[in-house]
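Beneath this line is the structure, given in structure tokens, with notes to follow.
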Amino acid sequence: MRWLLGILLAILAVVTISVAALVYLVPDTAIERHILASAGRATNSKITTSGLPEITYFPVIDMTLRGVEIKPEGDPGTFAMKAREVKAQVSWLSILSQWTIDIGELKLVEPQLQLVKDRPERRAAVPSTPRRTLYKPLAVVVRQVGIEDGSIDGISDWRIKDINATVPASSPGSAMDVDVSFYLNAEKVTGNIKLQEVSALQSGSSIPLVANFAGASGKIDLDGTVSFAADPVFDGKVAVSTADIDAASRWLGLEVVPEYSGKPASLAGGVRYSADGIDFKEAVVVVADHHAKLDARVDTTGTTPIARDVAISGLDTNRLGLPKDVDLANLVARFDTLQAGAPVSAALSFDLNGEAVTGTANIPDLDLLTSADPAIAVPVKADFAVPGGKIAFDGKVSPATKNSDPEKQGEWSTEGRVSLKAQSARQMALWLGVELPQNEAFAS
């Protein structure tokens, strides 16, 4: 048995010496080119490096590539990447037994992802010519990808930095489940992302997405589909909540409403996000003690957002500070456009004291409604069709939240001119709760 053991040891020594001689005779750059070419074919990308590789061979193969750049080839909507370093470790056992470069973890150090919005250049097709080789090329397998201190550009104006995650490798049609942490606009966020059919993103197709993110300023849950055909597009259900709407607005780069500073807020409903705007579909919005249902499209292509086709319903009218003897219900407000600094025209419908009322209300400047100054009364022109006739108002209104007298907080005040046009004086008086004399003049 001793001679058999000696033969085995001799064979192992010869194999080890032969492999060692082989790897030292083959330049590091040649091994690097083979790996980059294999990875490029697998990802439909062109992969280059700007620095010299560093490769050590014993006891395992440690490889570090520097200045790595990946440019996708094909349709827009994919991501280009630059990384300061890409590191990998390979066991000799997988090479000797399976002729495979089996990478346990491919670590990307400081990768910078950039959304490619234009169609990437395609390399001219070169007819392949069969070559006779003395050996079968090594296969490359990656078990997982580690991301260290990454960043993403090209998604809105958000600053997404210090991304850290471990992404398990998956087959082209399988799902991906990733825990991630990053900084969004200088605030740390942690969360989880679940994607189905990840490979479909490369062709710009929509794929199912479930994700949740939480930071100090708020929490976001997503359940829908996402695509990167040219710009990022999400379509599905969104739930957003914050304990302080002022702080959350600052965090996300939105307009701050000081009047609600320190107040909780949430939004839950259908949302479609794209580079040119956001669509809200039956989204329930809660701010402090107020809640409403919102349908709207917010156009973000200009210097300031413009809300179009806005419909607000489901308001809790008991929170509006109206007099106790006023019964207001089923309020629906529709706006063609809402824009900072621009006039506001609303089409209104509601039930007042049990009767249907429709009409319009006009305000000269949207900023008057969002002003935190309680001394500013809002100029209003309104016309309403009411039971028995029409009512018009031209004056100023101080809502309950803007009343400057501390003793009258919760009360509304109005000042202006009111005109009545009665088609049936008795019907209008009955609706208004006014008693008319019983004579022929007010018979109809």
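The values are calculated or read from the model by the stated rules, or taken from the named source; none is laboratory data. All figures in this text were calculated on a predicted structure; none of them were measured in a lab. Quick reminder, even Gly has a Cβ in these numbers, built from the backbone with ideal geometry, and neighbours come from all protein chains shown. Note: areas computed on protein heavy atoms with side chains; ligands, DNA, RNA excluded. Shrake-Rupley method; radii C 1.70, N 1.55, O 1.52, S 1.80 Å.
Numerical summary
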| read-out | value |
| --- | --- |
| So S241, is it open to solvent by less than 60 Å² (accessible area, probe 1.4 Å), assigned to a helix (DSSP H, G or I) and either in contact with a Ser or Thr (Cβ under 8 Å, 6 or more places away or on another chain) or at negative phi (or both) | no |
| Conditions (1) under 22 Å from V397 (Cα atoms); (2) surrounded by 14 or more Cβ atoms within 10 Å (Cβ to Cβ): number failed by V310 | (1) |
| Residue within the range 139-155 that is at pLDDT 80 or above, part of a strand (DSSP E or B), surrounded by 14 or more Cβ atoms within 10 Å (Cβ to Cβ) and touching a Gly at 6+ places or on another chain (Cβ under 6 Å) present | no |
| Test: K281 is at pLDDT below 90, at negative phi and either assigned to a strand (DSSP E or B) or loosely packed, with under 15 Cβ neighbours inside 10 Å (or both) | no |
| Odd one out for G262 among (1) assigned to a strand (DSSP E or B); (2) open to solvent by less than 60 Å² (accessible area, probe 1.4 Å) | (1) |
| Residue among G269, G253 that alone is more than 24 Å from G321 (Cα to Cα), of a type in the set (G, A, S) and in contact with a strand residue (DSSP E or B) (Cβ under 8 Å, 6 or more places away or on another chain) | G269 |
| Checklist (1) more than 16 Å from the chain's Cα centre (by Cα); (2) at pLDDT below 90; (3) crowded, with 16+ Cβ neighbours inside 10 Å applied to G173, failing item | (3) |
| Qualifying residues in the range 411-434 (those that are in a loop (DSSP other than H, G, I, E, B) and open to solvent by 40 Å² or more (accessible area, probe 1.4 Å)) - the one modelled with the lowest pLDDT | E411 |
| Candidates I101, I70, I47, filtered to the one that is open to solvent by less than 50 Å² (accessible area, probe 1.4 Å), at pLDDT 70 or above, under 30 Å from T166 (Cβ atoms) and in contact with a Gly (Cβ under 6 Å, 6 or more places away or on another chain) | I47 |
| Cβ-Cβ under 9 Å pairs, at least 6 apart or on other chains, the range 59-72 side on the phi > 0 side of the Ramachandran plot, far side part of a strand (DSSP E or B) and not β-branched (V, I, T) | G67/K82; G67/A83; G67/R84; G67/E85 |
| Breaking point among (1) open to solvent by 20 Å² or more (accessible area, probe 1.4 Å); (2) touching a residue at least 60 places away in the same chain (Cβ under 8 Å), for P232 | (1) |
| Every residue from the range 371-400 that is hydroxyl-bearing (S, T, Y) and either crowded, with 17+ Cβ neighbours inside 10 Å or modelled with pLDDT of 70 or more (or both) | S398 |
| Close pairs (9 angstrom Cβ cut-off, 6 or more residues apart or separate chains): open to solvent by less than 70 Å² (accessible area, probe 1.4 Å) in the range 184-202, in a helix (DSSP H, G or I) and at pLDDT below 90 anywhere | L184/W251; L184/L252; N185/R250; N185/W251; N185/L252; E187/W251; L195/L201 |
| Segments classed as strands (runs of 3 or more DSSP E), wholly inside the range 316-367, with at least 2 members that are over 19 Å from F393 (Cα atoms) and at pLDDT 85 or above | 328-339 |
